[in-house]
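K.L.:
Below you'll find the structure I mean.
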Amino acid sequence: MKVEKDNLQINTTENESNLTISEETLAIIVGLAINQVDGVAGMSTTITEELAEVFGKKAQSKGIKVEFGNDGLVIDLSIVIKFGYRIPDIAWNIQEKVRKDILAMTEYKVESINVYVQSIDFTE
């Protein structure tokens with residue numbers, strides 16, 4: 001597998017075809033998966049993303065970082081949890097849903113999914 005900056009590529013020799021999936025596209029897939037997990041209030045922005053928004057760049061995948069590691073994708077998630085939900089259960093559900101959706105849509109292996117709970121949402 002060949003890795004380019006900001007893009008992940010699959011090169012196949014059988015059909016002489018290439019498939020390129022950007023990290024942004026992978027982050028959108030991850031975001032859609034997270035939104036389907038009960039108990040997640042939303043994503044939390046990082047300082048870098050907040051600064052980018054100040055200068056007019058919108059973050060399509062706020063709180064989601066996707067990189068290619070040695071054995072597959074490394075995904076870091078900064079989330080906000082709804083009050084009353086058990087944090088370890090939500091983190092486990094997020095990891096399982098994201099791993100399943102990434103594999104189903106892209107066939108990429110996932111090396112790790114790191115869930116960082118940044119806040120708890122107390123609104124109902």
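The values are calculated or read from the model by the stated rules, or taken from the named source; none is laboratory data. As the structure is a prediction and not an experimental result, all values here were calculated from the model. Neighbour counts are summed over all protein chains in view; Cβ atoms, including those assigned to glycine, are modelled from backbone coordinates with ideal geometry.
K.L.:
Test S78 against the criterion of being modelled with pLDDT of 55 or more, among the hydroxyl-bearing types (S, T, Y) and under 29 Å from S119 (Cβ atoms), and give yes or no.
P.N.:
Against the criterion (modelled with pLDDT of 55 or more, among the hydroxyl-bearing types (S, T, Y) and under 29 Å from S119 (Cβ atoms)), S78 qualifies.
K.L.:
Six or more apart or on different chains, Cβ under 7 Å: which pairs go from a residue in segment 61-84 that's touching a residue at least 40 places away in the same chain (Cβ under 8 Å) to one that's outside any strand (DSSP E or B) and of a type in the set (D, E)? Could you list them?
P.N.:
V66/E23
K.L.:
For residues in segment 68-124 being among the small types (G, A, S) and loosely packed, with under 12 Cβ neighbours inside 10 Å, which is farthest from the chain's Cα centre (by Cα)?
P.N.:
The selected residue is G84.
K.L.:
Let me ask another. For segment 102-117, give me each residue that is of a type outside the set (F, W, Y) and touching a Gly at 6+ places or on another chain (Cβ under 8 Å).
P.N.:
Within segment 102-117, K109, V110, E111, S112 meet the criteria.
K.L.:
Now a separate question. Test E96 against the criterion of being charged (D, E, K, R) and either touching a Cys at 6+ places or on another chain (Cβ under 8 Å) or at positive phi (or both), and give yes or no.
P.N.:
In short, no.
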